[in-house]
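This report refers to the structure that appears directly beneath it.
What follows draws every value from the coordinates through simple rules; no lab data is involved. Treat the numbers as computed from the prediction; the structure is a model and nothing was measured. For neighbour counting, all protein chains shown are included, and Cβ atoms are generated from backbone atoms with ideal geometry for every residue, glycine included.
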Amino acid sequence: MKNFGILLLLSTLIFSCNKVEGEGGTSSIIGSLTVNEFKNSGILKATYPGADEDVFIIYGKDNTTYNDKVSTSYDGTYRIDNLVKGTYKLFSYSEDTTASGVIEVLVEVNVLKNGEVVVAPELIIKN
């Protein structure tokens, strides 16, 4: 009976080590954000790296609220470290002509293995 208890404890520890998406791993996501600036007429005026823009990260495919955020560097790049493997959603806010005035620009990233550095699709926002 004593061996059964030890076996039960070990199997519980082994199977409970599956980490869900989030912090605590060795993987990273890197990416960039570009701003498209338009004239009032709707014609593209300029395109430039989005410096000091917020990029939000959602851990997991089914979550709808963000878990963390980072700011882009002077060149529009960002890096999110210490992630476990899994699916992540990244988004930033862009100007829009709707009543709210903003929309989310969202990309999905899959981290497939530990220690991986994944390049996210470019986030392009309007200004």
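Out of the trypsin sites (Lys or Arg not before Pro) in the stretch 52-90, which ones are loop residues according to DSSP with at most 13 other C-beta atoms within 10 Å? Write down the numbers at each step before the final one.
Numbers: sites: LYS61, LYS69, ARG79, LYS85, LYS89; in loops: LYS61, LYS85.
Answer in residue order: LYS61.
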Using only Cα atoms, tell me the angle between helix 2-15 and the longest principal axis of the chain; keep it within 0 to 90° and round to the nearest 10.
10 degrees
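Please state the charge dipole magnitude for the chain, taken about the Cα centre, from unit charges on C-beta atoms (+1 on K and R, -1 on D and E), reported in debye and rounded to the nearest 20. Mind showing how you got there, number by number?
Working: 11 positive and 16 negative charges, 101 e Å.
That gives the chain a dipole magnitude of about 480 debye.
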3J(HN,Hα) from dihedral phi, the stretch 34-47, Karplus parametrisation 6.51/-1.76/1.60, rounded to Hz, x for glycine, proline:
10, 10, 9, 9, 10, 6, 4, 6, x, 7, 4, 9, 7, 10
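If you filter the stretch 70-127 for GluC sites (Glu not before Pro), then keep DSSP loop positions with at most 14 other Cβ within 10 Å, what is left? Don't skip to the answer; put the middle values down first.
Numbers: sites: GLU95, GLU104, GLU108, GLU116, GLU122; in loops: GLU116, GLU122.
Qualifying residues, ordered by number: GLU122.
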Quick one: which residues, 5 or more positions from GLU53 or on another chain, have an amide H under 5 Å from its amide H? H modelled 1.01 Å from N in the peptide plane, none for Pro or chain starts.
THR72
Put a dot 7 Å past each Cα toward the Cβ at GLU122 and LEU44; how far apart are the dots in nm?
0.9 nm
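Got the relative contact order for the chain handy, in percent, Cα pairs under 8 Å and 6 or more residues apart?
Numbers: 286 pairs, mean separation 39.2, N = 127.
So the answer I get is 31 percent.
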Average the reciprocal distances over every distinct pair of alpha-carbons in the chain, invert the result, and give the Kirkwood radius in Å.
16.6 Å
